[in-house]
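These notes are about the structure you will find just below.
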Amino acid sequence: MLSSVVSATVRGIDGQQVVVEVHVGNGLPAFNVVGLPDASCREARDRVRAAVLSSGLTWPSARITVNLAPSGVPKQGSGLDLAIAVGVLAANRQLDGVDLDQLGFVAELGLDGSLRNVPGTLSCVAAVAAPQVVVAPASAHEAAFHEGITVRAPATLGELVHCLLGQCPWPEPPEVDTVPVPAKSCDLADVSGHLFARTALEIAAAGGHNLLLIGPPGAGKSMLARRLPGLMPDLSDEVALQTTRVHSVAGLPIPPAELMRTPPYRAPHHSASMAALIGGGSGRVRPGEISCAHGGVLFLDELGEFSPSALDALRQPLEDGQIRVSRARGTVVFPADFNLVAAMNPCPCGFLGSVEPCRCTDAARHRYMRRLSGPLLDRIDLRVHMSRPDVHHLLDAPRGEPTAAVRARVLSARDRAAERGFVSNSQLPTEVLDEFASLSGEAEQLLRDALRSNRLSARGMVRTRLVARTIADLNGTTAIEASAMALAIQLRSTPVLFDSMGANHE
Amino acid sequence: MNELVCPVPIECDVSLASVVALSGLPNLTPRRFWQLLGLGDPIAAWNAIVSGTSPLAPGITDTGTRWQRWAQGIDPSSMLESQRHAGVTIHWHGSPSYPTRLIDDPEPPVLLYCLGTATLDPSRSVAIVGTRRCTAYGRNVARELAAALGSAGATIVSGLAHGIDATAHAAVLAVGGSATAVVAGGVDIVYPRSNRALYESVSRSGALVSEWPLRARALPWRFPARNRTIAGLSDAVVVVESAERGGSMYTVDEAANRNRRVFAVPGPITSTASSGTNRLIADGAEVALCADDLIETLGLKRSNRSSEVKGKSAAQAVDSWLLTEVDFTPTSIDLLVAQTGRSVGEFSIELERLLSVGAIRRIGATVERVR
Ligand SMILES: [Zn+2]
């Protein structure tokens, strides 16, 4: 007997429909899976058999062949388990009278017959061309996004068979009791002082500029970075769908029955593997942290501690907003358009450029700063040197402006930028600078002086104009005034940290 | 002073080549070099090393075998040729181009390798030396003094190390003055490597000087000798910052042995980098209070500085609400913004203005007044 059941697999973050064809025929008992299954897919044989038996169903003592079609598409993961089990049962005539054409199946099977969540359910359900989809109860809220699809979430294979045969009603989809991503309350109002760094954060949110925070430990670098997502606008429909899919594929919690609208915040540790950071991995190709930060903020604390190869791999996504992960079975593209916030100490002791004296030798400072690659630094428009808040903050620390007020300015600045037809100012092409970033006479003079005194390079000048454009948008002015330009130069020109040769390290 | 020192008997390229070859011997201190030459003809001295029969270090001693092994890999004439090929000029004690200040030195270099265009006999020369671990204050002072003395016509002598040395050299070249850098390796060895750009500008418009041939590495035993050459080539030594046991203190000792004037720049008593200089002052060194004082005491002409003076007064004329708030020591920018109560935009304009005219300098999260 032959049966055919619809399921799906994930490629990148996109779902791909897979038809599971099962043939149960005469011959020595055997169970083979063909059609480009990966390792965990092949293991389905053992899981499926155990699940069927422990559900009190009959495992046919026959020659079973499973074909995963289309055969040219690599299948990964365990999400085809359920479809294979149902296919075997149907081909063995245990599901006679059930209209399987109306159903899709996306779930992993436990040895006890329970249905388990698989990463990427969101994308898989979208790819299944069937009005009803059976998923694990834990994935029900992910599947429920898709309008017009009825989600069935039985707890076990046994329960599923009873429901299919009409012996009992489908269970109600489980209530999602907790919000999986707790919105941690962090407000900019908690950050007092740090006026330049706060302003830089606002500019980063408004213009999509990358930000480097330099300062000693305890200066509040990560505290500030954590508050960037709160300043950013909600994710657009398109980005929200991509981000939610990435999180689903990565197996991260996603909000119940809706897309992620809050920009994500990811802060991988510098010891994270290349695969965890960039994407890839042996077996199933997973999106990395940089893709999980899609649409939001990627915070790299202690930038100098990350491996040079990892920092090098950041260049492509910073340029293109996506990352290509090459594997033997082809290339997978993940979205990776994030705001980079990087933090580092200025020197091994941390106090270079602070009021407190630095205790490092010049050679040690050189070695330390050399870890920052020029090409990466080039893509960071905003560089702020923070110092530890000192006594005056404790004495008369006024509370900082709250996130809501700053966010309102960011949103109206984003609106102004959108009127120019570009997503963010950081992506304005050079050709339109004169059209969109015209300078007042005073602003132009400031820029000239900064160039003349070697505090800006030629490339730095272009980026500085873009930052100035964003500041002007925040101020609500059409032309770039002197104050916007001066601030942009201050935030772009690399602070001279060591200048034994009078050289500027722009 | 030193009974061994006498003009080096060099009559032809062969004897010069032998001296050049001898100068590369491992662990050859200046004193032993003179002893070797005291034995007579340099060619014979070299051959004795090669054959292991030198009475100073026969091939049966540690040094003797080391020297012999090293010497057997050397062809003196091609070694001399490679120095000349690289544009290195050689001044030996007794040659007409040998620096006058070193002729009567208690322990003069046997010979000097030199790369560059500047004369080794400037009318006035001042050494500016100090620690590699200098503070922003030390850099400021080194820069200021080197620029002022350089503009007044003095050649600035230093060791091209990190910190004070490199700052002084960069500053004097920036005002078009003359720099003599005495290094502890061959003149083609850039040490520390991050100073490459500075090495190149010194060899272009100043003079790079070494007692050792090309490719000789900057080994620790060469630094004391290098320091005594710095002292010997200078009329006065200014120590900007140094810890009490810093290498600059050797230069000071060598300067004192040669009756050179020693000036020390006072610093905060809490700063390790100034502990040595403050101690020198307590012990009777002259105090370097400002560039003008030095220029006057050393009998330099101030007229050449007119351009510099003009630049300065222009900066002093800057009328700024911000400048009055900035100290000569690093001041937190965040603190300044809070104190002045201006918006970051307004504040930035003023900051930019002062940075452009060079009235202040920004280092990380701080600014400091330059003048
Ligand atoms: Zn340090």
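Of note:
- Across the range A:3-15, coupling constants 3J(HN,Hα) worked out from phi with the 6.51/-1.76/1.60 Karplus curve, θ = phi - 60°, read 9, 9, 10, 8, 9, 7, 10, 10, 10, x, 10, 9, x Hz, and Gly and Pro carry x.
- Normalised convex hull volume, the protein assembly as shown, alpha-carbon set, Å³ per residue: 218 Å³
- For chain A, the relative contact order works out to 13 percent when only alpha carbon pairs closer than 8 Å and six or more residues apart are counted.
- Along the axis of the charge dipole computed for the protein assembly as shown (Cβ charges of +1 for Lys and Arg, -1 for Asp and Glu, origin at the Cα centre), the listed residues A:Val246, B:Tyr137, A:Gly158 are led at the positive end by B:Tyr137.
- For the range A:264-418: rounded, prolate or oblate by the Cα gyration tensor [a/c cutoff 1.5]: oblate
- Candidates B:Ser82, B:Leu22, B:Thr63 compared by Cα position along the dipole of the range B:1-83: farthest toward the positive end lies B:Thr63, with charges placed on Cβ.
- Spacing of the modelled spin labels on A:Glu442 and B:Ser82, each 7 Å from Cα toward Cβ, amounts to 6.3 nm.
- The magnitude of the dipole of the protein assembly as shown, with charges of +1 and -1 set on the Cβ of Lys/Arg and Asp/Glu and taken from the Cα centre, is near 1440 debye.
- Given their separation in residues at 0.36 nm each and the Cα-Cα distance between them, A:Glu435 and A:Ala30 gain 138.7 nm when the chain is fully extended.
- Counted residue by residue at 0.36 nm each, then reduced by the alpha carbon distance between them, the extension gain from A:Leu411 to A:Arg324 reaches 28.2 nm.
- Binning all Cα-Cα separations of the range B:1-83 at 10 Å, short to long from zero, yields these whole-percent fractions: 19, 54, 25, 2.
- Relative contact order of the range B:115-305, taken over Cα pairs closer than 8 Å and 6 or more residues apart, is 24 percent.
- Nitroxide proxy distance, nm - points 7 Å out along Cα→Cβ at B:Phe328 and B:Leu4: 4.6 nm
- Angle between chain A longest axis and helix A:237-249 axis [Cα atoms, degrees, rounded to 10]: 60 degrees
- The alpha carbon centroids of the range A:69-88 and the range B:33-108 are separated by 83 Å.
- Cut-off 11 Å, label 7 Å out along Cα→Cβ of A:Gln102, residues of the range A:119-143 by amide N: A:131-132
- Positive-pole candidate from A:Pro229, A:Gly330, A:Cys124, dipole of chain A, charges at beta carbon: A:Gly330
- Across the range A:130-233, the mean sequence separation of Cα contacts (distance under 8 Å, 6 or more residues apart), normalised by length, yields a relative contact order of 19 percent.
- The protein assembly as shown, helix-only ellipticity at 222 nm - DSSP H runs n ≥ 4, -39,500 (n - 2.57), divided by all residues, nearest 500: -11000 deg cm²/dmol
- Label sites at B:Ala174 and A:Asp378, each approximated as a point 7 angstrom past Cα along Cα to Cβ, lie 2.7 nm apart.
- Given +1 at the Cβ of Lys and Arg, -1 at the Cβ of Asp and Glu and no other charges, the dipole of chain B around its Cα centre is 460 debye to the nearest 20.
- About its Cα centre, the dipole of chain A is roughly 1280 debye, where the only charges are +1 on Lys and Arg Cβ and -1 on Asp and Glu Cβ.
- Label reach from A:Glu147 (point 7 Å along Cα→C-beta): in the range A:257-273, amide nitrogens under 16 Å belong to A:257-259.
- In sequence order, the range A:420-437 has phi-based couplings of 7, x, 10, 4, 8, 5, 5, 9, 4, x, 4, 4, 9, 4, 5, 6, 9, 10 Hz under the Karplus curve 6.51 cos²θ - 1.76 cosθ + 1.60, θ = phi - 60°, and Gly or Pro positions carry x.
- Global geometry of chain A, whether rounded, prolate or oblate, following the gyration tensor of its Cα atoms and the 1.5 cut on a/c: prolate
- Pairwise FRET efficiency - A:Ala458 versus A:Leu2, Cβ, R0 = 56 Å, nearest 0.05: 0.20
- Long-range HN-HN contacts of A:Ala342 with modeled amide H, under 5 Å: A:Leu211, A:Leu212, A:Leu213, A:Leu300
The numbers here are math on the coordinates, done by the rules we state, and not lab data. Every value quoted in this text rests on a predicted model; they were computed, and no experiment measured them. Positions of Cβ are backbone-derived with ideal geometry, glycine not excepted, and every protein chain shown enters the neighbour counts.
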